[in-house]
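The values are calculated or read from the model by the stated rules, or taken from the named source; none is laboratory data. Just so it is clear, the structure is predicted and the values come from calculations on it, not from any experiment. Glycine gets a Cβ as well: all are built from the backbone with ideal geometry, and neighbour counts include every protein chain shown. All accessible areas refer to the heavy atoms of the entire protein, side chains included, with ligands and DNA or RNA removed. Shrake-Rupley method; radii C 1.70, N 1.55, O 1.52, S 1.80 Å.
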Amino acid sequence: APDGKYCTVTAGSLREGYIILYAKSEEGNKSFTCQIEVKKIPLERIEFSKPQVTVQKGKSVQLVVNYIPSNATDKDLYWTFGEGADQSVVGLNGSGVVIGKKAGSCKIVAKSKVDSSINAECIVTVVNGSDTENLGFEDWN
């Protein structure tokens with residue numbers, strides 16, 4: 001490191017703890033050892049990029065979550081239906097893709113796998129083909 005105090009390494013799959021970095025010159029006459037502390041960047045909160053989404057019956061849409069901070073280490077999520085949600089309105093997969101099954105609304109919840117108190121909700125409204133006059137182009141998948 002230029003100031004001789006620390007090194008920065010970006011490696012997403014390392015666990016927290018310490019690693020030793022050892023470097024040796026090609027000539028073999030110089031070497032360097034550095035202890036590096038690996039720290040996780042905690043996820044503080046998540047939010048849907050669109051907290052309300054409209055999808056046509058039979059079409060699908062990928063729900064998008066913003067992570068705060070964006071460089072958080074653990075971004076794995078559980079995707080579930082909200083409490084009391086009518087699960088017959090949309091289909092939901094484990095990646096946050098919903099497909100419209102029948103007209104109505106349904107609450108979808110994304111939760112952090114590390115800390116379930118970090119979560120966000122999105123209302124998905126499904127409309128029939130004849131109900132689409134008021135939708136903007138950005139609502140279509």
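Taking label points 7 Å from Cα along the Cα-to-Cβ direction, Arg45 and Ser95 give a separation of 2.9 nm.
The stretch between Tyr18 and Lys75, if pulled fully straight at 0.36 nm per residue, gains 18.3 nm over its current Cα-Cα span. With a 1.4 Å probe rolled over the protein heavy atoms of all chains, the accessible area of Phe32, Phe48, Phe81 falls in the order Phe32, Phe81, Phe48, largest first.
Prolate is the label for the stretch 30-108, because a/c, from the alpha-carbon gyration tensor with a ≥ b ≥ c as root eigenvalues, is 1.5 or above and a/b exceeds b/c. On full extension, the segment bounded by Ser117 and Gln52 gains 21.3 nm, given 0.36 nm per residue less the C-alpha separation.
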